[in-house]
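Scroll down for the structure; my scribbles are underneath it.
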Amino acid sequence: MDHAGIAFDHVRKEYPDGTVAVGDLSLTVTPGEVLCLVGPSGCGKSTTLRMVNRLVEPSGGIITVDGADVMSQDPVKLRRSIGYVIQHVGLFPHRTVAQNVATVPGLLKWDKDRTRARVEELLDLVGLPHATYGNRYPHELSGGERQRVGVARALAVEPPVMLMDEPFGAVDPQGRRRLQQEFLELQRQLGLTVMMVTHDMREAVILGDRLAVLSKGGELEQLGTPDEVTEAPANDFVADFLADFGTVAG
């Protein structure tokens with residue numbers, strides 16, 4: 001798997017009604033790191049994430065993945081090449097676990113043997129052995145198991161980067177902590193480059209190599225390691241935002 005970086009260079013998103021979701025954002029996600037986007041609701045976190053795979057089209061600036069401008073690429077091909085995990089997973093209810101994981105390989109016309117081998121490999125990787133889970137349907141799984149299937153599906157074609165929007169938000173607290181640790185082990189094992197949106201500051205501290213704290217309009221207030229952000233807030237906005245979560249350092 002090639003590990004690519006993501007770069008934002010003076011990126012802007014303004015909607016037709018004049019709403020500026022992201023004003024002027026520049027930051028880089030380095031290959032193999034987990035960058036967590038945090039900040040209050042409505043600060044442009046999800047918009048920032050979705051501009052990478054063009055689910056939201058930027059109004060200005062340049063976004064690159066592995067040095068290639070996303071706007072110069074076919075959006076459908078781009079989305080198929082980038083892992084994308086969301087809070088409510090979005091599994092196809094009438095397809096089995098194995099068929100769900102095989103979705104993108106099928107769209108890319110992989111042959112059956114290659115697809116079957118990749119599906120089995122991924123289900124083992126996320127702790128859902130194919131022999132046990134492959135023929136089950138989403139409604140037969142727990143929330144945490146469905147989320148693991150979502151991760152496996154996102155990894156199907158060895159994406160250079162993975163985008164995650166509140167990936168564990170729908171899972172109960174105990175299951176969420178377990179999933180966080182399992183995902184962290186998986187990310188380290190595969191060297192994934194991950195950009196993640198979370199409202200859970202503790203989750204950001206656990207999973208993030210660096211945190212990007214955003215304010216309204218996608219303004220980057222601070223970019224640093226969890227320790228740097230929690231122990232030395234850059235300004236009053238960051239300090240006030242952290243205060244809402246109590247003590248998060250350590």
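Some points to look at:
- Residues in the stretch 188-206 that are of a type outside the set (D, E, K, R) and in a helix (DSSP H, G or I): Gln189, Leu190, Met201, Ala204, Val205, Ile206.
- Candidate set: the stretch 130-187, residues that are of a type in the set (Ser, Thr, Tyr) and assigned to a loop (DSSP other than H, G, I, E, B); chosen: the one farthest from the chain's Cα centre (by Cα): Tyr137
- Among the candidates Gly44, Gly18, Gly39, Gly5, the residue that is more than 15 Å from Leu163 (Cβ to Cβ), of a type outside the set (Val, Ile, Thr) and in contact (Cβ under 8 Å) with a residue 40 or more places away in the chain is uniquely Gly39.
- Test: residue in the stretch 54-71 that is at pLDDT 90 or above and part of a helix (DSSP H, G or I): yes
Residues checked against (1) among the polar types (S, T, N, Q); (2) in contact with a strand residue (DSSP E or B) (Cβ under 7 Å, 6 or more places away or on another chain); (3) within 27 Å of Leu190 (Cα to Cα):
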{"position": "Lys13", "(1), (2), (3)": "no, yes, no"}
{"position": "Cys36", "(1), (2), (3)": "no, yes, yes"}
{"position": "Asn53", "(1), (2), (3)": "yes, yes, yes"}
{"position": "Val56", "(1), (2), (3)": "no, yes, no"}
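- Residue within the stretch 97-114 that is part of a loop (DSSP other than H, G, I, E, B), within 17 Å of the chain's Cα centre (by Cα) and buried (at least 20 other Cβ atoms within 10 Å of the Cβ) present: no
- The stretch 131-161, subset over 25 Å from Pro173 (Cα atoms) and of a type in the set (A, V, I, L, M, F, W, C), residue modelled with the highest pLDDT: Ala131
- If the condition is being crowded, with 17+ Cβ neighbours inside 10 Å, charged (D, E, K, R) and either free of Cβ contacts under 8 Å to residues at least 24 places away in the same chain or out of contact with any helix residue (DSSP H, G or I) (no Cβ under 8 Å at 6 or more places or on another chain) (or both), then the stretch 47-78 contributes only Arg50.
- Test: Met201 is modelled with pLDDT of 85 or more, under 11 Å from the mean Cα position of the chain (by Cα) and either buried (at least 18 other Cβ atoms within 10 Å of the Cβ) or of a type in the set (Phe, Trp, Tyr) (or both): no
Residue-wise test of (1) surrounded by fewer than 23 Cβ atoms within 10 Å (Cβ to Cβ); (2) out of contact with any strand residue (DSSP E or B) (no Cβ under 9 Å at 6 or more places or on another chain).
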site: Arg153; (1), (2): no, no
site: Val157; (1), (2): yes, no
site: Met162; (1), (2): yes, no
site: Gln174; (1), (2): yes, yes
site: Gln180; (1), (2): yes, yes
site: Leu186; (1), (2): yes, yes
site: Gly191; (1), (2): yes, yes
site: Val205; (1), (2): yes, no
site: Leu220; (1), (2): yes, no
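- Any hit, the stretch 26-35, residues being of a type in the set (Asp, Glu), free of Cβ contacts under 8 Å to residues at least 40 places away in the same chain and either surrounded by fewer than 22 Cβ atoms within 10 Å (Cβ to Cβ) or part of a loop (DSSP other than H, G, I, E, B) (or both): no
The values are calculated or read from the model by the stated rules, or taken from the named source; none is laboratory data. The structure presented is a predicted model; accordingly, all values stated were derived computationally and were not measured. Methodologically, a virtual Cβ is constructed for each residue, glycine included, from the backbone with ideal geometry; neighbour enumeration extends over all protein chains shown.
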